[in-house]
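Just below is one structure, and these are the notes that go with it.
The values are calculated or read from the model by the stated rules, or taken from the named source; none is laboratory data. Just so you know, these numbers come straight off a predicted model, no measurement behind them. Note: ideal-geometry Cβ built from the backbone for every residue, glycine included; neighbour counts use all protein chains shown.
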Amino acid sequence: MSYLEKYKTGSCLFRTLSEARMRLQAARNALRYSYPAPVALIGVHDSGNDGSYKKCTDSSPIPIENTSVVIPAEASRILETHTPATYPESFIFRLHNGHVLGDGTVVTPKNKILSESTTDFHRKQKYHHLIYERRVPAPERFNGRLAVITSPGSDNYFHWTLASLPRLNLLNDMDDEIDAYYIDCSSRFHQEWISMLGISENKIIAAAPNRHIEADELIVPSFAGLPSLPTPAGLDFLRNFIPPHSKGRRLYISRAGARRRRILNEEVLPPVLQKYAFETIEPGRMTVKQQMETFASASVIIAPHGAELTNLAFCSAGTQVIEMFSPYYLNPCFKQLAAVRGLRHTALVGKGGTRVVRKQLDAHHVWANINIDALALETALATML
């Protein structure tokens, strides 16, 4: 099988670069480390006597309605979700002498990856990149019960907030049984959340890419929904931390300081934004509490696709959102989050990429910047407001 077929999506260029990066990393790790890498994936129900399983909720479908307006309309098929999302059964799995690697991937004593504990963002799950590693760091021993909160990508605000944090909701009744948490604490937003959650410093085992822990018992909560689309209950858990806030603000989210997905011609937008009384903010300069309060107070939000839109989780139902995309990267994750939260979503696709859109391709160029048609934005606002 060609390596191109092992990837979920993306152009040939994207897949080739991803494959080259993965192989280079595996070669480096083979020279740096001596412990054998995992050899396969296994599901929690196939793990035999290695652990015990407690179901928290049943699996359930949730409609992701195609109510989002897409401009231009020919891009709508790429952003459509054709079937309801099905939230899998949630659970807590207790794994005796289990291992946790780097990003929160759990490995059984038989050296198999617990498939429900991880995701590979680019490769199909059965071709998970860890299976193609040859060596991983040697494990450190933890004597006690270690809860795994970190999940793949949680060094990023989006994945941390929507994938890692909701897992804690499943552990609400278990705090006295947990000796420590395997959790990210490297960034300011991690530390702010840990403080809000009241997790004491002496109960934290800091997650890191090159870390490998073997514990007497791993306590593994499932994702509280899909990896980056929590259930309504998972979102309610996050929303419990929203501070008091006002209502009715119109916000433009700038990514001027970001390395990718910036609005290249942002200088043409101020006349439109001023006409409709928008204020410009940069969430990356705010504390987590300030981001919660700001988004909860919004009635209309305009923003390029990016991690700042994670904060849609804190918006009130009915908030109107215009999300701006590059035609080379049409990711519907925030459209889905908006649907679950009951927000009104418009996708505004930037200029260029006519061939990609016409052929209904997902180029998946995650780094692509955005060139916006100011007239199209004004037309969308005039229709909406």
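Residue-wise test of (1) of a type outside the set (Phe, Trp, Tyr); (2) surrounded by fewer than 17 Cβ atoms within 10 Å (Cβ to Cβ); (3) at pLDDT below 95.
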residue	(1), (2), (3)
134	yes, yes, yes
142	no, no, no
145	yes, yes, no
148	yes, no, no
152	yes, no, yes
160	no, no, no
170	yes, no, yes
180	yes, no, no
Review point. Residue check: is residue 278 over 20 Å from the mean Cα position of the chain (by Cα), of a type outside the set (S, T, N, Q) and modelled with pLDDT of 95 or more?
Key: yes
Exercise for review: State whether one or more residues within segment 319-331 are under 23 Å from residue 250 (Cβ atoms), surrounded by 20 or more Cβ atoms within 10 Å (Cβ to Cβ) and among the small types (Gly, Ala, Ser).
Suggested key: no
Check your understanding: Which residues, counting only those in segment 345-371, are touching a Pro at 6+ places or on another chain (Cβ under 8 Å), crowded, with 17+ Cβ neighbours inside 10 Å and not small (Gly, Ala, Ser)?
Key -> 349, 356, 357, 370
Review point. In the list 376, 382, 339, which residue meets the criterion of being out of contact with any helix residue (DSSP H, G or I) (no Cβ under 6 Å at 6 or more places or on another chain) and surrounded by 20 or more Cβ atoms within 10 Å (Cβ to Cβ)?
Key: 339
Check your understanding: Quick check, is residue 273 part of a helix (DSSP H, G or I), under 19 Å from the mean Cα position of the chain (by Cα) and in the same structural domain as residue 363 (by TED's automatic domain parsing)?
Key -> no
Check your understanding: Out of all the residues in segment 237-247, is one or more under 27 Å from residue 331 (Cα atoms), assigned by TED's automatic domain parsing to the domain that holds residue 367 and surrounded by fewer than 17 Cβ atoms within 10 Å (Cβ to Cβ)?
Key -> no
Revision key, fill the gap. Subset of segment 66-98, residues of a type outside the set (Gly, Ala, Ser), modelled with pLDDT of 80 or more, in contact with a strand residue (DSSP E or B) (Cβ under 8 Å, 6 or more places away or on another chain) and over 23 Å from residue 56 (Cβ atoms), comes to 69, 70, 71, 72, 79, 97
**Study point:** Matching helices (runs of 4 or more DSSP H) fully within segment 318-385 where at least 2 residues are hydrophobic (A, V, I, L, M, F, W, C), over 27 Å from residue 225 (Cα atoms) and at pLDDT below 95
**Key:** 354-358, 374-384
